[in-house]
Amino acid sequence: MSRQKNQNYKGHGLPKGREREQRASIRFKTTLMNTLMDVLHHRPGWVEVKDEGEWDFYWCDVSWLRENFDHTYMDEHVRISHFRNHYELTRKNYMVKNLKRFRKQLEREAGKLEAAKCDFFPKTFEMPCEYHLFVEEFRKNPGITWIMKPVARSQGKGIFLFRRLKDIMDWKKDTRSSDDQKDDIPVENYVAQHYIENPYLIGGRKFDLRVYVLVMSYMPLRAWLYRDGFARFSNTRFTLNSIDDQYVHLTNVAVQKTSPDYHPKGCKWMLQRFRQYLASKHGPKAVETLFSDMDNIFIRSLQSVQKAIISDKHCFELYGYDILIDQDLKPWLLEVNASPSLTASSQEDYELKTCLLEDTLHIVDMEARLTGREKRVGGFDLMWNDGPVSREDGAHDLSGLGNFVTNTHLGCVNDRKKQLRQLFRSLQGQKKTPN
């Protein structure tokens, strides 16, 4: 069962030769006490492992990954919930660095029109290392609003807006260590970004979208898009006259729930409702274009890190994408989260996250039930499988011609229970083949 590769290695899994057999029980481990724990405990045949017990499936936090991944031996069938260097996409500075590099590569290889498809993130500078470049850009466009974000924090912590260089000087003073400490404590890195000053508003309030993308492999790239997600609203009407008011500018639930008049139902819309609202305002064609542009963000961002991320067959990742829409119905990528919140803020939120996690586990397929040819599993649609996936059966259409329609249904009806019944009924008795 557990084998020591050397004195520093811990092994997990089953004896060789049984990797793809259906197992009587799956031993799981997690440190997250939220919706995930409920889903894992209710999954037939799954048994929780405590402390140092051997496991087949581990939904770990990124800190465990940093400290233990390189010293852990895993059998063929074992799965873990992060890629080793996920931060290439999920740290704000690395994400922008990789997108900039990918854009330059596209311009060299395919021309400016193709490269322009990567113009979905605001102008960004890493601080403090790009401070002088930032100042040069700042002076070219006096009066516009900028936003400062720490590269490795979440839930809106450390974020502030500014319009004067003096505010940055104050920040530099605040973050600089005293003389006797400066060699030991590095200055925290931030990114300075153009703030989107013309966000699309609903009821006068700003919002962003949380969308879920599941990546099962980077080499080749195999990615699934979940049909459901939500819009997160700020609690206070939008204005640029009060850039210090977090309740106006930051839509994070962790920020908004501290507002005196916060109500969870008023601060979230399911994506299906959001899509219907936009269609009633702008027509279905404009909505199709917007959602197609979002598909482009998901794929291009994953391609930008495809060669950087270590594609280990034991790893998968459920990403939480944060997208902002502006008044021209242009989507902007704000950030990608490696550990999107799985804590529910309402009953509707609980149901969404429960279904999302159940379907994630179906695709991870510890039970070895799937054939590997599925294009839909529950609420997930396969959008990229070493190339774009069509809604219709048939080969990839890479020419850009014809009636190729990508296999994505974000914000559309999610009849997942019916689909799963049909799927697993059809799989019964079939010969299983490896993914």
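The values are calculated or read from the model by the stated rules, or taken from the named source; none is laboratory data. Worth saying up front: this structure is predicted, and the values here are computed from it rather than measured. Reconstructed Cβ throughout: ideal geometry from the backbone, glycine too, with neighbour counts over all protein chains shown. Note: accessible area is taken over every heavy atom of the protein model, side chains too, but ligands, DNA and RNA are not part of it. Shrake-Rupley method; radii C 1.70, N 1.55, O 1.52, S 1.80 Å.
Residue-wise test of (1) touching a Leu at 6+ places or on another chain (Cβ under 7 Å); (2) open to solvent by 40 Å² or more (accessible area, probe 1.4 Å); (3) of a type in the set (Asp, Glu).
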| residue | (1), (2), (3) |
| --- | --- |
| SER25 | no, yes, no |
| VAL39 | yes, no, no |
| ARG43 | yes, no, no |
| VAL47 | no, yes, no |
| ASP51 | no, yes, yes |
| PHE57 | no, no, no |
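In the stretch 273-325, the qualifying residues are those that are under 16 Å from ASP386 (Cα atoms) and out of contact with any Phe, Trp or Tyr (no Cβ under 9 Å at 6 or more places or on another chain), and the one that is surrounded by the most Cβ atoms within 10 Å (Cβ to Cβ) is ASP295. Candidates GLU374, GLU367: the one that is open to solvent by less than 60 Å² (accessible area, probe 1.4 Å), over 28 Å from TYR277 (Cβ atoms) and at pLDDT 95 or above is GLU374. For the stretch 124-145, the tally of residues that are basic (Lys, Arg) and closer than 24 Å to ARG101 by Cα stands at 1. Here's a check for you: in the stretch 250-272, which residue that is polar (S, T, N, Q) and surrounded by fewer than 15 Cβ atoms within 10 Å (Cβ to Cβ) is modelled with the highest pLDDT? Here the answer is SER259.
Going by the conditions given, is ASP359 over 15 Å from the mean Cα position of the chain (by Cα), surrounded by fewer than 18 Cβ atoms within 10 Å (Cβ to Cβ), charged (D, E, K, R) and at pLDDT 95 or above? It is false that ASP359 is over 15 Å from the mean Cα position of the chain (by Cα), surrounded by fewer than 18 Cβ atoms within 10 Å (Cβ to Cβ), charged (D, E, K, R) and at pLDDT 95 or above. Return the residue satisfying two criteria in turn: it lies in the stretch 401-432 and is among the basic types (Lys, Arg) and modelled with pLDDT of 90 or more, and of such residues it is nearest to ALA279 (Cα to Cα). In this case the residue turns out to be ARG416. For the stretch 7-57, filtering for residues that are modelled with pLDDT of 85 or more, of a type in the set (Ser, Thr, Tyr) and over 27 Å from the mean Cα position of the chain (by Cα) leaves 1. Only residues that are touching a residue at least 24 places away in the same chain (Cβ under 8 Å) and more than 16 Å from the chain's Cα centre (by Cα) were counted in the stretch 339-351, giving 6.
For the stretch 368-384, a residue qualifies if it is in a strand (DSSP E or B) and either among the charged types (D, E, K, R) or not assigned by the TED database to the domain that holds ARG300 (or both), and the qualifying residues are ARG376, ASP381.
Scan the stretch 54-78 for residues that are touching a strand residue (DSSP E or B) at 6+ places or on another chain (Cβ under 7 Å), part of a loop (DSSP other than H, G, I, E, B) and farther than 13 Å from CYS315 by Cβ and the total you get is 4.
For ASN98, the requirement of being within 17 Å of ILE147 (Cβ to Cβ) and either surrounded by 18 or more Cβ atoms within 10 Å (Cβ to Cβ) or out of contact with any Gly (no Cβ under 6 Å at 6 or more places or on another chain) (or both) is not met.
Taking the numbered list (1) modelled with pLDDT under 75; (2) surrounded by fewer than 17 Cβ atoms within 10 Å (Cβ to Cβ); (3) aromatic (Phe, Trp, Tyr) in turn, TYR247 passes all entries but (2).
Does the stretch 224-239 hold any residues that are of a type in the set (A, V, I, L, M, F, W, C) and not in a loop (DSSP other than H, G, I, E, B), and which are they? Scanning the stretch 224-239 gives TRP224, LEU225, PHE230, ALA231, PHE233. Each residue in the stretch 202-241 was checked for being farther than 13 Å from LEU318 by Cα and among the β-branched types (Val, Ile, Thr), and 3 pass.
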